[in-house]
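For reference, the structure discussed in these notes is given below.
Please treat every number below as a calculation from the coordinates, not as lab data. Computed from a predicted structure; not experimentally measured. No Cβ is skipped: glycine too gets one built from the backbone with ideal geometry, and neighbour counts run over all protein chains shown.
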Amino acid sequence: MSAGSVSKIELVLSLKGKAQTVLELKRHLAPKTVGSIVRSLPLEGNAHMIGGSIAFMDTTLTAGGEKLKTQFKKGDVGFLASNGSICFFLDDVSQAKPMTLVGKITSNLEILSQVKPGDIFSLAQAGT
């Protein structure tokens, strides 16, 4: 698919002052949720870790759950509707809270393990 594809949207996730990674949102996985995220870009929020398996960012997004799952693979990107968080999975995870799968991290996944208290994530469309 080309960079201008409507089904895959390439984004840059930055861990401010440290590093960045590239991810793809995939519209076919959750069209309404992916649309809400894309319309809200750029996003910025506090970075958090849950154990060593999930990094996530706070957002003010409000979108309902869509095609909810509890099993995620390393590199998956999920949206937690209950608090508007975008989650990045560093390992395969069985999650107690159902989430919407929205995409996949395509490079530099390991930088997400560097998240420390007080860090900020920013998410923007690639090339902007």
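Observations on the model:
- Residue in segment 44-55 that is within 17 Å of GLY84 (Cβ to Cβ), aliphatic (A, V, I, L, M) and touching a Gly at 6+ places or on another chain (Cβ under 9 Å) present: yes
- Residues in segment 61-77 that are under 23 Å from ASP91 (Cβ atoms), in contact with a Gly (Cβ under 8 Å, 6 or more places away or on another chain) and among the β-branched types (Val, Ile, Thr): VAL77 alone.
- Any hit, segment 107-120, residues being closer than 21 Å to SER7 by Cα, aliphatic (A, V, I, L, M) and under 13 Å from the mean Cα position of the chain (by Cα): no
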